[in-house]
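A short write-up of the structure that comes next.
The values are calculated or read from the model by the stated rules, or taken from the named source; none is laboratory data. All figures in this text were calculated on a predicted structure; none of them were measured in a lab. Using ideal geometry, Cβ is built from the backbone for each residue, glycine included, and neighbour counts are taken over all protein chains shown. Just so you know, the surface numbers come from the protein's heavy atoms only, side chains and all, with ligands and any DNA or RNA stripped out. Shrake-Rupley method; radii C 1.70, N 1.55, O 1.52, S 1.80 Å.
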Amino acid sequence: MKHWFPRFTFALAALLAACGGGVQNDPILKLSAIEALEEGKRLMEEKKYRLARKYLVHSFEVEPNSPAGRDGLLLASDALYLVGGFDSYVEAETRYRDFLNRFPTSDKADYAQFRVASSLAKRMEKPNRDQQTTRKALSEFRDLQRLYPTSPYASEAQEEMKAVLENLAEHEFVVAVFYYRFARARSTILGSAIERLEQLLEDYPSYSQRDKVQAYICLSANKALMVEKATEACEAMRNEFPDSSYLKKLPKKLNEAPPPPKAKAASDEGSDDESEDKGEAATEEEGGR
């Protein structure tokens, strides 16, 4: 029992020395903040983002409050963003926020804010999924416009916001059409569908498919036997979108109660609109779930 302890102590010491030696021999640790920053920039230009990030993080850790350290932190965030992928975008967002918290008065704060929003936008779910991340992205883009109205990134942000708004509008449409498809005639749920569609038109004036929204207002009102509302909505549809492919979906006669639903699988319901494109129907039904 007395002989194992010295041998164990020696082995442990050797292991610790080896590990310590490996760290000490890391060439990155021998670089100054400026040297690490320059090497990180060079690797970024070569699109070696993961390797570049090691140098850039070191630059920040050596001199966190120096100009080189600040640039290293921001560029390390860029390296994560440019790697791409859900996890990288999540971490990039965190690092950009860290930069803003540490250096709120930096002349690059507007860029960091833009990248926070963009990192969220890159993680948008499809319209038939939860839109929490999409709404956060929209909020961050609007913060950029509010806090930095003269930023050169404002116009770029506006372009990315278009995709965000389109996604949110499509989500509202998917939910409303789900209500329409699975509601019985005269159901109060149809009123909720109409309200949602009308609110969509008001909240998202730049939505690219306003014709289909108006068409489903007409269809929902007709199914609910709201004759006056259906007549008004269908007339508006014909006047505003005379070339829309959705015109063929409008009821030929108003005030006609739709046939009672058949006892079929959910995928077969909504047969009152048989001419609907199958791909679109599948998406809308999935969104309702």
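Observations on the structure shown:
- Cβ-Cβ distances below 7 Å connect the following pairs, each with a first residue in region 225-239 that is over 15 Å from SER187 (Cβ atoms), a second residue that is open to solvent by 60 Å² or more (accessible area, probe 1.4 Å), and a separation of six or more residues or different chains: VAL227/ASN255.
- Within region 217-241, the set of residues being loosely packed, with under 14 Cβ neighbours inside 10 Å and more than 35 Å from the chain's Cα centre (by Cα) comprises VAL227, GLU228, GLU235.
- Matching option when the condition is at pLDDT 95 or above and either among the basic types (Lys, Arg) or under 27 Å from the mean Cα position of the chain (by Cα) (or both), among LEU75, LEU56: LEU75
- Verdict on LEU80 being under 26 Å from THR133 (Cα atoms), touching a Ser or Thr at 6+ places or on another chain (Cβ under 6 Å), modelled with pLDDT of 95 or more and not basic (Lys, Arg): yes
- Contact annotation: residue pairs with Cβ atoms under 7 Å, 6 or more positions apart or on different chains, pairing a residue in region 115-142 that is acidic (Asp, Glu) with a partner that is open to solvent by 20 Å² or more (accessible area, probe 1.4 Å), are GLU125/THR133.
- Tally, over region 8-50, of residues that are open to solvent by 80 Å² or more (accessible area, probe 1.4 Å), modelled with pLDDT of 95 or more and in a helix (DSSP H, G or I): 6
- Flag for GLU156 being at pLDDT below 95 and either open to solvent by 60 Å² or more (accessible area, probe 1.4 Å) or closer than 20 Å to SER206 by Cα (or both): yes
- Residue list for region 148-175, restricted to those being closer than 28 Å to GLN199 by Cβ and of a type in the set (Gly, Ala, Ser): ALA154, ALA157, ALA163, ALA169
- Conditions (1) free of Cβ contacts under 8 Å to residues at least 40 places away in the same chain; (2) closer than 17 Å to TYR204 by Cα; (3) of a type in the set (A, V, I, L, M): number failed by VAL175: (1)
- Going through (1) within 25 Å of the chain's Cα centre (by Cα); (2) at pLDDT below 95; (3) not in a helix (DSSP H, G or I) one by one, ALA185 falls short only on (1).
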